[in-house]
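First comes the structure, then the notes that go with it.
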Amino acid sequence: MPQITVQNLDVSFPLYHGNTRSLRKTVRGAFQGRFSQDRRNRVVVQALQNISFTLKPGDRLGLVGRNGAGKTTLLRALAGIYEPVAGSVTIHGTIGTLLDPMLGMNNVLTGRENIHLRGMLAGLTKPQITRVEEDVEAFAQLGSFMDLPVNTYSSGMVVRLSFGLATAIMPDVLLMDEWFMAGDAAFRQHARSRLENLVSKADILVLSSHMSTVVAEWCNRLIWLEDGHIKMDGPTQTVLTAYLGHPVELKNPDQPLPNVAP
Ligand SMILES: Nc1ncnc2c1ncn2[C@@H]1O[C@H](COP(=O)(O)OP(=O)(O)OP(=O)(O)O)[C@@H](O)[C@H]1O
């Protein structure tokens, strides 16, 4: 059964140019508590401190918080991109990520070769990979660029390939940055039903967003991060009301969210 367990997670980043005396003095004065010094006397940013939570099937977790609160770092730690400095992240189930369009993409391979590679890594059979290839080709509409290296693509073309591919293989756990819901209106329109299908089929969703309408619509639980700590963890309406400082009206509060047991 898919599950995520995060226990006392700490993630920090050493600043390699941060060992000059003046910088140390500045950051110490400006952001006490968020910065520290490691054994090699480097300035270290504490991106996440003492984060613990458990997610089970049906959980749709939204991460909210101001710029720099730690949302992206937490998503990346869940995806295994960042190693914990302390604590642990345990995930049971297959993971799908919509974090960074170039994540897992090999620049020198063609779009088609990237699809095959991703399919093989996901353990798909040949006929399954062929179906994914047809699906992504129809969605991304890259024409003959499909057979050219990804490093010849425009940034919009990379997004279409990456989004098409990430939404073609159904994961148990979906990690998503709001970035993927941005893009121009035409892309959003084109992508929305694919995204809804993926979200409804994933057992667990973790979504980072600044858009209260998005978390209100898609999440049944929110974690409010502040300066790398959990400030509040609870039902969407309760946390969003506290975070925004005013009550929020959910669209259909009585209607269960996708894949959530009533
Ligand atoms: N690679 C890095 N090197 C140094 N510091 C980093 C790095 N990545 C993140 N940080 C720091 O970690 C903290 C958390 O950053 P993070 O990007 O997770 O915040 P966020 O909540 O996603 O912000 P935003 O809403 O602006 O995207 C910030 O103080 C940031 O400066």
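Modelled label positions at Ser155 and Glu134, each set 7 Å beyond Cα in the direction of Cβ, lie 3.5 nm from each other. Among 47-55, 210-218, the peptide with the highest mean count of other Cβ atoms within 10 Å heads the list, and the full ranking is 47-55, 210-218. A Förster radius of 25 Å, combined with the Cβ-Cβ distance separating Arg194 from Glu113, puts the computed FRET efficiency at roughly 0.65. The angle separating the long axis of helix 155-166 from the principal Cα axis of greatest extent in the chain is about 80 degrees.
About its Cα centre, the stretch 57-244 has a charge dipole of approximately 100 debye under the convention of +1 per Lys or Arg Cβ and -1 per Asp or Glu Cβ, with nothing else charged. Each principal axis of the stretch 57-244 carries a Cα extent, and these read 50, 37, 28 Å when sorted largest first.
To test your reading of the geometry: what angle, between 0 and 90 degrees and rounded to tens, separates the Cα axis of helix 21-30 from the longest principal axis of the chain? Once rounded, the angle reads 90 degrees. Taking a straight Cα-Cα cut-off under 14 Å and skipping sequence neighbours fewer than 8 places away in the same chain, the aspartates and glutamates within cross-link reach of Lys56 are Asp172, Asp203. Each peptide in 36-44, 155-163 receives the mean, over its residues, of other Cβ atoms within 10 Å, and ordering these scores from highest gives 155-163, 36-44. How far is helix 126-140 tilted off the main Cα axis of the chain, in degrees rounded to 10, range 0 to 90? That works out to roughly 80 degrees.
Look at the dipole of the chain built from charges on Cβ: of Phe145, Pro84, Ile4, the Cα furthest out on the positive end belongs to Pro84. Computed from the Cβ-Cβ distance with R0 of 45 Å, the FRET efficiency linking Gln37 to Leu103 stands at 0.90.
Just so you know, all these numbers are worked out from the coordinates, no wet-lab data involved. Since the model is a prediction, treat every value here as computed from it, not as a measurement. Virtual Cβ from ideal backbone geometry, glycine too; neighbours counted across all protein chains shown.
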